[in-house]
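All of the numbers you see were taken from the coordinates with simple rules; none came from a lab. Keep in mind that this is a model prediction, so the values were computed, not measured. Cβ: placed from backbone, ideal geometry, glycine included. Neighbour counts: every protein chain shown.
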Amino acid sequence: MKFIKNTTRIQEQDDAALIARYKISGDLEPLGLLYNKYMHLVFGVCLNYLKDEEQSKDAVMQIFEELVVKLKVHDVQNFKSWLHVLSRNHCLMAIRKNSKHTTVSIEDNFVENREFVHLDIDKTKEEKLTVMERCMEKLPEEQRISVQLFYLEEKCYKEVADLTGYEMLKVKSYIQNGKRNLKICIEKNSGE
């Protein structure tokens, strides 16, 4: 397979150069070039999570606005992976925000006691998700990205390797170690 040219390094260097130009000049042109390069991927991630084309288009623009600020303060090594995580987190926050504003119709039988039993279940589930999210953030970047792609986005090892640029054996190791570290962290923090 040596005859296949690996362009991942070249792309990372190009991305890094555009980020450096943006950080130095503050000019949006290099950021625009960089964003145009990956906009279709951002839209795909948003559509996957939000399941609505118009909401996804809005999210793409909001993520671009976030980039203007976040790229100045974050030291980004692999822009494509970082942008994917940023997009995913943006969508998850939008979903979480929208789920808090659900409308419930009030009916005569609404006040019955049996209706409130389900609230405890939802609260417990929400607490577990919050613990898991916090633990995911504590994982090393390689493990966090690999676990996210493999388990939450249901990508295979090869797809994870292709998306991240990590070697296949490294991907398997990151997933295995990330899963173990995530389990330890969740068990440790579930009692709090």
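Taking amide hydrogens as placed 1.01 Å from N in the peptide plane, the amide H of Lys155 sits under 5 Å from those of Phe150, each at least 5 positions away in sequence or on another chain.
Full extension of the chain between Lys183 and Leu33 yields a length gain of 50.0 nm, computed as 0.36 nm times the residue separation minus the alpha carbon distance. At an R0 of 45 angstrom, the distance between the Cβ atoms of Asp52 and Glu167 translates into a FRET efficiency of 0.80. Here the 3J(HN,Hα) profile of region 133-146, calculated from phi with Karplus coefficients 6.51, -1.76 and 1.60 at θ = phi - 60°, is 4, 4, 5, 4, 5, 7, 5, x, 3, 4, 5, 4, 5, 5 Hz, Gly and Pro shown as x.
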